[in-house]
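The values are calculated or read from the model by the stated rules, or taken from the named source; none is laboratory data. All values reported here derive from a predicted model rather than from experimental measurement. Don't worry about glycine lacking a Cβ; one is built from the backbone with ideal geometry, like all the others, and counts go over all protein chains shown. When the accessible area is computed, the model is the full protein with side chains, heavy atoms only, and any ligands, DNA or RNA have been set aside. Shrake-Rupley method; radii C 1.70, N 1.55, O 1.52, S 1.80 Å.
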Amino acid sequence: MLGWFKKKKLPKDADAVASQPVEEDVQVPETAEQEAAKSILHEDVGVLFKRLTKGLAQTRGNLVERVDELFLGKKSIDPELLDDLEEILITADLGVETTMDLVEDARAKVARNELADPQALKSVLKQRITDFLTSSDKPAELVMPDKGPFVIMVVGVNGVGKTTTIGKMAHKFVNAGQKVALVAGDTFRAAAVEQLKVWGQRINVPVIAQDTGADPASVIFDGMEYAVKRNFDVVIIDTAGRLHTKVNLMEELKKIKRVIAKKISNAPHEIMLVIDATTGQNGISQAREFSKTVDITGLTLTKLDGTAKGGIVVNICREFDIPIRFIGIGEQVDDLRDFDPQEFAEALFGGHESR
Ligand SMILES: Nc1nc2c(ncn2[C@@H]2O[C@H](COP(=O)(O)OP(=O)(O)O)[C@@H](O)[C@H]2O)c(=O)[nH]1
Ligand SMILES: [Mg+2]
């Protein structure tokens with residue numbers, strides 16, 4: 001597994017921590033809880049790999065198993081087989097361009113007599129898909145600043161899994177011994193604040209919130225102040241996914257970013273876009289749209305457990321030079337996995353290496 005974040009270089013100023021007044025409503029993670037949660041870290045890597053493989057079952061069925069069926073018993077690669085392959089790749093949401101790239105490359109290799117049979121073609125497909133997945137040269141892990149809280153702003157359209165991802169991500173940080181606070185910046189949707197508070201209680205971290213309808217900029221300002229004063233290591237900010245118009249949403253995100261930067265000059269350190277994998281190509285349009293407004297530094301793809309459209313992961317890696325940090329493979333607290341391209345490819349293609 002990957003190391004999923006790089007720790008701060010400097011040790012925290014112990015005196016500063018000690019001198020901070022601790023208010024009664026501040027719930028800091030208890031050691032016993034942390035200890036219990038840490039055991040998850042020691043879970044057998046083989047077990048985790050099996051869960052990933054299980055989560056990707058539908059995508060595998062729609063992609064790799066259909067390719068296997070197509071190739072079964074065929075001795076040679078003819079034009080019709082390549083046409084059928086093209087259709088499979090498109091329906092598995094690899095996207096038109098990625099599909100064309102793969103199929104044209106296969107055609108060229110066949111023409112040069114470089115592919116003896118469909119099995120050789122399958123190996124090439126697997127290799128090229130793995131190459132797309134590993135193509136980003138940006139760091140896959142979250143890089144924390146040397147000083148001050150690490151601020152993560154989470155964006156994405158309604159229902160993609162932002163709040164759930166925040167809960168799961170916070171849990172990971174808590175397990176890694178970090179002091180985490182959540183900020184309920186989605187003041188637009190009625191249940192959003194409540195939902196984040198429930199996550200906060202579940203993983204025992206404070207949630208800075210105001211009522212529904214409050215100005216998100218004001219909540220976020222409070223949150224930043226709270227975290228800086230009390231020496232929090234990580235602040236994760238939830239944001240609204242839909243306002244009256246797209247323009248409104250994008251303007252609001254810019255404003256939120258400014259408010260954060262006012263408090264900590266180089267923050268947010270991470271702007272994470274959450275994409276629902278079940279929406280297939282729509283997710284690609286969302287990534288384009290959000291990238292126009294804010295500088296997206298990382299992606300999380302959710303709901304890979306409930307979709308046959310997992311090919312979108314390949315498409316995203318190929319199209320955007322934005323690292324995928326995490327993938328969501330379920331609704332539970334530990335269903336957020338570090339995205340390891342190699343492991344993903346193995347799980348997809350049914351490799352037997354248990355990493
Ligand atoms: N199966 C599955 N469901 C998920 C995953 N991530 C989020 N969800 C569900 O998607 C729904 C919307 O999530 P939510 O976090 O409220 O989305 P938000 O509107 O972007 O904040 C909830 O029912 C979540 O439990 C995932 O990885 N797998
Ligand atoms: Mg939400």
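With within 16 Å of ligand 2 (Cβ to nearest atom), surrounded by fewer than 23 Cβ atoms within 10 Å (Cβ to Cβ), in a helix (DSSP H, G or I) and at pLDDT below 95 as the only criterion, which of LEU243, LEU253 stands out?
It is LEU253.
Look through PHE232, PHE188 and report the one residue that is more than 12 Å from ligand 2 (Cβ to nearest atom) and among the aromatic types (Phe, Trp, Tyr).
None of the others qualify; the one that does is PHE232.
Which one is nearest to LYS246 (Cα to Cα) among residues in the range 182-215 that are charged (D, E, K, R) and not in a loop (DSSP other than H, G, I, E, B)?
Across the range 182-215, the extreme among qualifying residues is GLU194.
Does the range 157-167 hold any residues that are near ligand 2 (Cβ under 9 Å from one of its atoms) and part of a loop (DSSP other than H, G, I, E, B), and which are they?
Answer for the range 157-167, where residues must be near ligand 2 (Cβ under 9 Å from one of its atoms) and part of a loop (DSSP other than H, G, I, E, B): ASN158, GLY159, VAL160, GLY161.
Looking at the structure I just gave you, is THR164 within 16 Å of ligand 1 (Cβ to nearest atom), open to solvent by 20 Å² or more (accessible area, probe 1.4 Å) and in contact (Cβ under 8 Å) with a residue 60 or more places away in the chain?
In short, yes.
For (1) away from ligand 1 (no atom under 12 Å from the Cβ); (2) of a type in the set (Lys, Arg); (3) closer than 13 Å to MET272 by Cβ, each residue gets a yes or a no:
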site: GLY148; (1), (2), (3): yes, no, no
site: VAL155; (1), (2), (3): no, no, yes
site: VAL160; (1), (2), (3): no, no, yes
site: ASP211; (1), (2), (3): yes, no, no
site: ASP238; (1), (2), (3): no, no, yes
site: LYS246; (1), (2), (3): yes, yes, no
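(1) open to solvent by 10 Å² or more (accessible area, probe 1.4 Å); (2) away from ligand 1 (no atom under 16 Å from the Cβ); (3) under 30 Å from ASN282 (Cβ atoms): which one isn't true of ASN113, the others all being true?
(3) is the only condition that ASN113 fails.
Checking the structure you have, find out if any residue of the range 276-284 is farther than 21 Å from ALA209 by Cα, away from ligand 2 (no atom under 16 Å from the Cβ), small (Gly, Ala, Ser) and in contact with a strand residue (DSSP E or B) (Cβ under 8 Å, 6 or more places away or on another chain).
yes
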